1. Note down the net charge around ASP261, summing +1 for each Lys or Arg and -1 for each Asp or Glu among other residues with Cβ under 14 Å from its Cβ.
2. Relative contact order (percent) for the chain, with alpha-carbon contacts under 8 angstrom and 6 or more residues of separation?
3. Within the chain, what is the number of lysine pairs with alpha carbons under 29 Å apart, leaving out pairs fewer than eight places apart on the same chain?
4. To the nearest 20 debye, what charge dipole does the range 166-240 have about its Cα centre, counting +1 at the Cβ of each Lys and Arg and -1 at the Cβ of each Asp and Glu?
5. Name the shape class, rounded, prolate or oblate, that the alpha-carbon gyration tensor gives for the chain, where a ≥ b ≥ c are the square roots of its eigenvalues, rounded holds for a/c under 1.5, and otherwise prolate holds if a/b is larger than b/c and oblate otherwise.
6. With charges set only on the Cβ (+1 for Lys and Arg, -1 for Asp and Glu), what does the dipole of the chain come to about its Cα centre, in debye to the nearest 20?
7. Explain nothing, just the number: relative contact order of the range 167-259, from Cα pairs under 8 Å at least 6 residues apart, as a whole percent.
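Read-outs: derived from the displayed coordinates by stated rules, not from any lab. In this text, all values refer to a predicted model and were calculated from it rather than measured experimentally. Here the Cβ is made from the backbone with ideal geometry for all residues, glycine too, and neighbour counts use every protein chain on show.
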Amino acid sequence: GARAPSAVPAISAPAVLPVRSGGEIRIANVSKSFGPLTVLDDVSLSLRAGSVTAIIGQSGSGKSTLLRAINHLERVDAGFIAIDGELIGYRQDGDTLYELKETDILARRVDVGMVFQSFNLFPHLTVIENIVEAPMTVRGLPRAQALAEARELLARVGLADKAESYPRQLSGGQQQRVAIARALALRPKVLLFDEPTSALDPELVGEVLDVIKELSLSGTTLVIVTHEIGFAREVADQVVFMEGGRILEQGPPARVLAAPDHPRTREFLAKVL
Ligand code: ADP
Ligand code: MG
């Protein structure tokens with residue numbers, strides 16, 4: 001049935017789960033090709049700890065690949081990415097490769113969470129079991145504490161009453177809010193969103209954007225690939241426009257979205273607005 005777009009209650013109580021400090025991201029001269037296709041072409045970008053960045057650009061411009069590189073799901077060919085000055089994985093300087101030890105790579109992984117367009121919940125697990133799985137296995141939390149934190153996170157995304165439901169019993173918007181709670185359960189410094197509302201029916205988009213907007217005030221560094229230009233204008237500190245694997249323009253939303261310098265940004269915005 002239809003759901004009110006503002007189904008998410010406002011959060012006023014201080015979070016019991018403190019946000020970890022830090023979350024500064026430095027992307028330096030990152031390039032990546034798939035065979036002959038250059039997907040990231042010398043991308044450099046710095047994101048302040050706690051900032052909110054919206055990445056826009058047409059399909060195929062390299063947005064997902066960039067997010068995947070930040071989350072260590074994609075190995076880049078050149079350059080490096082660091083979070084709070086610590087390399088994620090390795091650094092390729094010409095022919096020289098500096099690589100972290102496997103244990104250090106695993107330790108770094110919890111710094112970055114990711115929310116996908118397609119939710120990616122475990123269908124055979126209840127909502128609460130979806131959320132406690134990673135904190136127990138990755139953070140090593142005792143089950144009781146993981147459950148307590150999961151309930152708090154569910155309340156935070158407005159789904160306290162859905163703990164025992166299965167994903168298939170939820171709307172797309174509710175499933176995406178569970179996916180956000182699950183990502184937060186690892187207490188990441190950085191949370192990446194790859195078109196988090198693109199798979200949702202229009203009437204469910206608002207409830208997910210409301211949760212992300214609330215998170216934007218929390219101090220976690222957020223990077224959001226989105227076609228929701230109005231949302232980007234409202235929530236982002238910085239908007240980045242990508243095309244052909246390059247950053248063509250970046251800056252405050254008031255400027256990039258209202259008075260872009262680059263003609264390609266203007267053309268893109270004319271199409272999506
Ligand atoms: P966006 O998210 O902006 O739509 P992507 O980062 O997903 O762009 O993709 C950029 C380009 O890289 C596209 O042309 C895509 O087809 C290509 N690409 C992405 N992943 C792979 C892959 N694993 N192998 C080959 N080509 C890929
Ligand atoms: Mg994409």
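1. Working: positive: ARG255, ARG264, ARG266; negative: GLU243, GLU249, GLU267.
My count for the surroundings of ASP261 gives 0.
2. Numbers: 517 pairs, mean separation 72.6, N = 273.
Relative contact order of the chain: 27 percent.
3. Pairs that pass both the separation and distance tests number 13.
4. Details: 7 positive and 10 negative charges, 83 e Å.
It comes to approximately 400 debye.
5. Working: a/c = 1.86, a/b = 1.23, b/c = 1.51.
Judged from the Cα gyration tensor, the chain comes out oblate (a/c at least 1.5, b/c at or above a/b).
6. Details: 29 positive and 33 negative charges, 66 e Å.
That gives a dipole near 320 debye.
7. Details: 89 pairs, mean separation 21.5, N = 93.
About 23 percent, as a whole number.
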